[in-house]
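J.: Structure provided below as structure tokens; questions to follow.
The values are calculated or read from the model by the stated rules, or taken from the named source; none is laboratory data. Predicted, not measured: the structure shown is a model, and the values here were computed from it. For neighbour counting, all protein chains shown are included, and Cβ atoms are generated from backbone atoms with ideal geometry for every residue, glycine included.
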Amino acid sequence: MPGFDYVSFTTDYGLSDGFVASCHGVIARLAPAVKIIDVTHAIAPGDVTRAAAVLAQTVPHLPTAVHLAVVDPGVGTQRRAVVLTTPGGVLVGPDNGLLIWAASTLGGITSAFELSTPDDASRTFHGRDVFAPAAAKIASGVPVEGPDVDPATLIQLPEPVVEWGDGWLEAEVLTIDRFGNVQLAAPASFLHQLPDQMTVGGCRAIRGETFADAPSGGLVVFGDSADRLAIAVNGGRAAVMLAVTPGDVIRIT
């Protein structure tokens, strides 16, 4: 396997502890020439679905890389640690659905294998002791091997809810960004099927192309930068106005 100049890094570790720095240190010691791109470490603890969405929406804009992602509520259990090869890069992380959407974005899985867990690895910090070393070695072109994994056996996340009918659309909240904008699982192409004015979760909204298309404090439904249907408040937080969190389903009529 050829080497890579970059490792991208996505976790739910936060920045108040030394977890991210420990993983950076492992990569730097094993692959000092490799550059690390931090995608985010602010994923809510254990929120595999949000991490999968953020990763899948980010990797198309990164250089070809090893994509290290660790949101791993099953750490230390029998869940597999895997490496997935795609036409657009390599993904390293737990087999809990986290990597699958990104793999699809990168052209689909061409091969997969399971990583072994060293005897001296911490039971609760595989990011440092299993995944980061593997990512560093792969980026450096050092062979990393393990039992082949049939991609059909990899854990899949449930498909987000997207349903529609005559005059209505229901879609799951996929992510909420730091501005309070609500991203739905429905593609942005659905925007053209919506009227100029509508009701979103019981609140009046307009169809638009950007935040300022709504009056100050008003709701706007638009296509976001990830090509998803999204909801924003001009000068406010749509997630607060609609009282939603990721995983909720919003009805638009």
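J.: Before we move on, is GLU145 surrounded by 18 or more Cβ atoms within 10 Å (Cβ to Cβ) and among the acidic types (Asp, Glu)? Full working, then the answer.
T.: Numbers: surrounded by 18 or more Cβ atoms within 10 Å (Cβ to Cβ): no; among the acidic types (Asp, Glu): yes.
So GLU145 fails the test.
J.: Just one of THR40, THR58, THR64, THR49 is under 27 Å from GLU145 (Cβ atoms) and either among the polar types (S, T, N, Q) or without any contact (Cβ under 8 Å) to a residue 40 or more places away in the chain (or both); which is it? Show your work before the answer.
T.: Working: THR40 fails: under 27 Å from GLU145 (Cβ atoms); THR58 fails: under 27 Å from GLU145 (Cβ atoms); THR49 fails: under 27 Å from GLU145 (Cβ atoms).
Unique residue meeting the criteria: THR64.
J.: Now for a separate question. Out of the strands (runs of 3 or more DSSP E) lying entirely within region 70-122, which hold 2 or more residues that are small (Gly, Ala, Ser) and more than 26 Å from ALA44 (Cα to Cα)? Walk me through it before giving the result.
T.: On the way: elements: 81-86, 89-94, 111-114.
Those strands (runs of 3 or more DSSP E) span 111-114.
J.: A further question on this structure: Can you name the number of the only condition in (1) out of contact with any Gly (no Cβ under 9 Å at 6 or more places or on another chain); (2) surrounded by 13 or more Cβ atoms within 10 Å (Cβ to Cβ) that GLU163 fails?
T.: Of everything listed in (1) out of contact with any Gly (no Cβ under 9 Å at 6 or more places or on another chain); (2) surrounded by 13 or more Cβ atoms within 10 Å (Cβ to Cβ), GLU163 misses just condition (2).
J.: Please determine, by comparing only the residues of region 26-81 that are basic (Lys, Arg) and closer than 26 Å to PRO158 by Cα, which one is nearest to the chain's Cα centre (by Cα).
T.: If we take residues in region 26-81 being basic (Lys, Arg) and closer than 26 Å to PRO158 by Cα, then ARG50 is nearest to the chain's Cα centre (by Cα).
J.: Also, quick follow-up: Does at least one position in region 9-25 carry a residue that is more than 19 Å from the chain's Cα centre (by Cα), among the charged types (D, E, K, R), assigned by TED's automatic domain parsing to the domain that holds ALA135 and in a loop (DSSP other than H, G, I, E, B)?
T.: yes
J.: When you scan region 108-134, how many residues do you find that are polar (S, T, N, Q) and either over 23 Å from THR153 (Cα atoms) or outside the structural domain of ASP148 (by TED's automatic domain parsing) (or both)? Step through it out loud before you land on a result.
T.: Step one: of region 108-134, the residues polar (S, T, N, Q) are 110-111, 116-117, 122, 124.
If we keep only those that are either over 23 Å from THR153 (Cα atoms) or outside the structural domain of ASP148 (by TED's automatic domain parsing) (or both) too, we end up with 122, 124.
Final tally of qualifying residues: 2.
J.: Further question: Go through region 122-170 and count every residue that is within 18 Å of the chain's Cα centre (by Cα) and on the phi > 0 side of the Ramachandran plot.
T.: 0
J.: Oh, and also: What tally of residues in region 191-225 results from selecting those that are in a loop (DSSP other than H, G, I, E, B) and of a type outside the set (Gly, Ala, Ser)? Spell out how you get there, then give the answer.
T.: Going residue by residue through region 191-225, those that are in a loop (DSSP other than H, G, I, E, B) are 194-196, 201-202, 208-210, 214-218, 224-225.
Next cut, of a type outside the set (Gly, Ala, Ser) only: 194-196, 209-210, 215, 224.
So the count comes out to 7.
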